[in-house]
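A short write-up of the structure that comes next.
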Amino acid sequence: MTSDPESQTEARLTELEIKLAFTEDLVERLDAVVIGQQRQIDQLMHELIRLREQVQQAGSATSGPSGDERPPHY
């Protein structure tokens, strides 16, 4: 079998096209993962903000007796 430069070039070109197709598919799948992760991060940030607000409200709402005062049941 003779391998002329033209057939070698054609084979290399075909191999590169196949690799490009796989790379494009991989990039699309990774992009979808990154988008999903960003959505999840956004949701978690909103939840964290909400929880911080709840803690602040609970802290200001329960301004009960100081540590020196005895509770009423004593």
Open item on the list: Placing unit charges on C-beta atoms (Lys and Arg positive, Asp and Glu negative, everything else neutral), compute the dipole magnitude of region 1-61 about its Cα centre in debye, rounded to 20.
Closed with: 660 debye
Open item on the list: Just to confirm a number: summing +1 for Lys and Arg and -1 for Asp and Glu over residues other than Ala11 whose beta-carbon lies under 12 angstrom from that of Ala11, what do you get?
Closed with: -4
Open item on the list: Checking the a/c ratio against 1.5 first, then a/b against b/c, what shape does the Cα gyration tensor give for the chain?
Closed with: prolate
TODO: Sum up the charges of everything whose Cβ sits under 14 Å from the Cβ of Thr23, counting Lys and Arg as +1 and Asp and Glu as -1, but leave Thr23 out.
DONE: -4
TODO: For the chain, find the longest principal axis of its Cα atoms and tell me its angle to the long axis of helix 5-61, 0 to 90°, nearest 10.
DONE: 0 degrees
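Quick note: the coordinates plus some simple rules give every number you see, no bench work behind them. The shown structure was predicted, so the numbers you read here are calculated from the model rather than taken from an experiment. Neighbour counts run over all protein chains shown; Cβ positions are idealised from the backbone, glycine included.
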